[in-house]
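Here's the structure, in structure tokens; my notes come after.
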Amino acid sequence: MNILVCISKTPDTTAKIAFTEGNTKFDENGVQWIINPYDEWYSLVRAIELKEKDPTTNIHLITVGGPESEPIIRKALALGGDEAIRVNSNSNDSYVIAQQIAAIAKQGSYDLIMTGKETIDYNSACIGSMLSAILDLPFVSLANHLEVNGNNATIQREIEGGEETNEVILPMIISCQKGMAEQRIPNMRGIMAARTKPLKVVDPVATNAHTSIKEFSLPPTKTGVKLIAPDQMDELVKLLKEEAKVI
Amino acid sequence: MVLIYIDHSEKEIKKSSYEAISYGAAIAKQLGCSAEALLLGTVNDDLTALGKLGASKVHQLNNESLNNFDAKVHASLIATAAKNLNAEVIVFAHNINGKAIAPAVAVKLDAGIVTGACSLPNLQNGFEVTKTVFSGKAFASIKIETPKKVIAINQNSFGIENYELSATIEEMNLPIPAASVKLTNVNKIIGEIPLTEANLVVSGGRGLKGPENWGILLELAKTLGAATACSRPVSDSDWRPHHEHVGQTGIQIAPNLYIAIGISGAIQHLAGVNRSKTIVVINKDPEAPFFKAADYGVVGDAFEVVPALTAAISKMKHNE
């Protein structure tokens, strides 16, 4: 089985969120880049587990980003990817990124294309769904369980207030979230092996962006907490009812 | 025309779609065009009543097989319907199904898309929509450069508006593509309020010390009619089920009221809940960072404060 795992670099979850150039760009100064947690912990690790069950499986990684993405690709290779492709584009338009991934996907014969449910920076949750439209493949989103048997995938996905199980004939696209797998730490053997695993850099295909970021802003800070004494719960209820008007 | 996709499950329209209709109707007002809704499948709701939310028409593809969600099939039908109806803006709720299909519909229509939108478009310099980014820690104003636009609106970010309209229902006929997924099982947690749909949420953290102490929290949630949630350490320790984990890597929610009990308020947790309208923090540590993000705070022992709060709510409900 051939799996294409889409990975994205994102700022570390504790990174300070600030903007530069008149609030038009994310301030990357001092930012630690990580693999988007949904891509790494759930999608990539599940792909690795599938390979552990069936060693004939190939795991290809794809990322769309500049040279600064290479450390996170090496980490993904150290965790267990077999080879990687970096499309050299710094676009932050989901459509452009999806077109880059689709162009690579068309060159391989992938049974499974895996993404995280969204990135923790732009939170757009677009890539999987867009790939399904461009490649005309089935798509199951927010999956928390995946089993593959021959060319048949059994997937559990989140629905409001529960889960449902779907069966899909491969090839397909799946977006992964918590429950799918557990976070792993790369071991020394993996880190050494990753140094020599193939990492191909390709130029992006020409695509016009559909959107552009005009300005970033930070949410207004709270005006300050109103403290209520522990023995004044009637007062708290009154405030919630009459001041906040939420109950 | 603004076309709003109606999401439903078990023959009931989802609350998030009501909000999407009102949001779409407000955009239609800005653009001076009509707001019309699109329903794939069948529901028990009175569709003419969607006029009260701002839809003048409901286009319905009346086919039971569409009641099971299939992202590929649904996206394809919505795109075809939008083309046939010449829709300029297509609106989705940024909920579970909306996330799965809105981007695919945008690709099929050559439309730019903004998901996680939290404002009406600004039409002064083209068409700009503000969305939440960095898991709620910031906003970005995104310009859509294409003639057609797709917007998925964050839940609980616009609200519902009232109109004096009655929607007319128009049946639509489109060939239905072959199913791409087969639904084999549905497992709903009976009697619980789904977190993402909840207006009121009561959430617990490590400060509650162990799963055996959750009773006071459940009692408060029951009295309030609230959904229950928890922090990451709690779900990682299996004190509570994974689907209750809210935070940056769990579920992001935006209820009217979020009550955090024994949660210190790590930045990753705040990212999942900071769009809540009102936040109440109960913690015995006055230095807990969560107090900085809270509207109301109680510095005290959860095991005394929570039952007292439950009693106070009970009393208030009794007096109503």
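The values are calculated or read from the model by the stated rules, or taken from the named source; none is laboratory data. These figures come from a predicted structure and were not determined experimentally. Virtual Cβ from ideal backbone geometry, glycine too; neighbours counted across all protein chains shown.
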Given (1) over 17 Å from A:TRP41 (Cα atoms); (2) at the interface with chain B (Cβ under 7 Å from one of its Cβ atoms); (3) crowded, with 23+ Cβ neighbours inside 10 Å; (4) not β-branched (Val, Ile, Thr), A:LEU142 misses just (1)
In the range B:2-13, residues that are at pLDDT below 95 and buried (at least 20 other Cβ atoms within 10 Å of the Cβ) total 1
Requiring at least 3 residues that are outside the structural domain of B:SER203 (by TED's automatic domain parsing), within 27 Å of A:GLU242 (Cα to Cα) and out of contact with any Cys (no Cβ under 8 Å at 6 or more places or on another chain), the strands (runs of 3 or more DSSP E) wholly within the range B:229-320 are none
Residue set A:GLN107, A:GLN99; condition more than 8 Å from chain B (Cβ to nearest Cβ), farther than 28 Å from A:ALA15 by Cα and buried (at least 21 other Cβ atoms within 10 Å of the Cβ); output residue A:GLN99
Filter the range B:175-193 for residues that are facing chain A (nearest Cβ under 7 Å) and touching a helix residue (DSSP H, G or I) at 6+ places or on another chain (Cβ under 9 Å); the one that is surrounded by the fewest Cβ atoms within 10 Å (Cβ to Cβ) is B:ILE189
Sole miss for B:THR310 among (1) within 9 Å of chain A (Cβ to nearest Cβ); (2) within 26 Å of the chain's Cα centre (by Cα) is condition (2)
Of those in the range B:255-273 that are surrounded by fewer than 21 Cβ atoms within 10 Å (Cβ to Cβ) and closer than 30 Å to A:ILE34 by Cα, the residue farthest from the chain's Cα centre (by Cα) is B:SER264
By residue number, the members of the range B:179-203 that are among the small types (Gly, Ala, Ser) and free of Cβ contacts under 8 Å to residues at least 60 places away in the same chain are B:GLY191, B:ALA198
**Message:** Could you go through the range B:158-170 and let me know if any residue there is within 14 Å of chain A (Cβ to nearest Cβ), touching a residue at least 60 places away in the same chain (Cβ under 8 Å) and under 30 Å from B:LEU109 (Cα atoms).
**Reply:** yes
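So that you can scan it fast, the table gives a plain yes or no per residue for (1) at pLDDT below 95; (2) surrounded by fewer than 18 Cβ atoms within 10 Å (Cβ to Cβ):
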position: A:LYS200; (1), (2): no, yes
position: A:VAL205; (1), (2): no, yes
position: A:SER212; (1), (2): no, yes
position: A:SER217; (1), (2): no, yes
position: A:GLY224; (1), (2): yes, yes
position: A:ILE228; (1), (2): no, no
position: A:LYS238; (1), (2): no, yes
Looking across the range A:145-162 at residues that are closer than 18 Å to A:GLY116 by Cα and modelled with pLDDT under 95, the single one that is nearest to the chain's Cα centre (by Cα) is A:GLU158
Within the range A:148-197, residues being in a loop (DSSP other than H, G, I, E, B), charged (D, E, K, R), more than 24 Å from A:ALA102 (Cβ to Cβ) and more than 8 Å from every other protein chain (Cβ to nearest Cβ) number 3
From the option list A:ILE101, A:ILE48, single residue qualifying as in a helix (DSSP H, G or I), more than 30 Å from B:THR146 (Cβ to Cβ) and not polar (S, T, N, Q) is A:ILE48
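Can you find, within the range B:112-136, the residue that is nearest to the other protein chains (Cβ to nearest Cβ) among those that are among the small types (Gly, Ala, Ser) and on the phi < 0 side of the Ramachandran plot?
This residue is B:GLY112.
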The residue that is farthest from the chain's Cα centre (by Cα), considering only those in the range A:13-34 that are surrounded by 12 or more Cβ atoms within 10 Å (Cβ to Cβ) and of a type in the set (Asp, Glu), is A:ASP27
- Query: Hey, any hits in the range A:120-141 for a residue that's part of a strand (DSSP E or B) and under 25 Å from B:GLY136 (Cβ atoms)?
  - Reply: yes
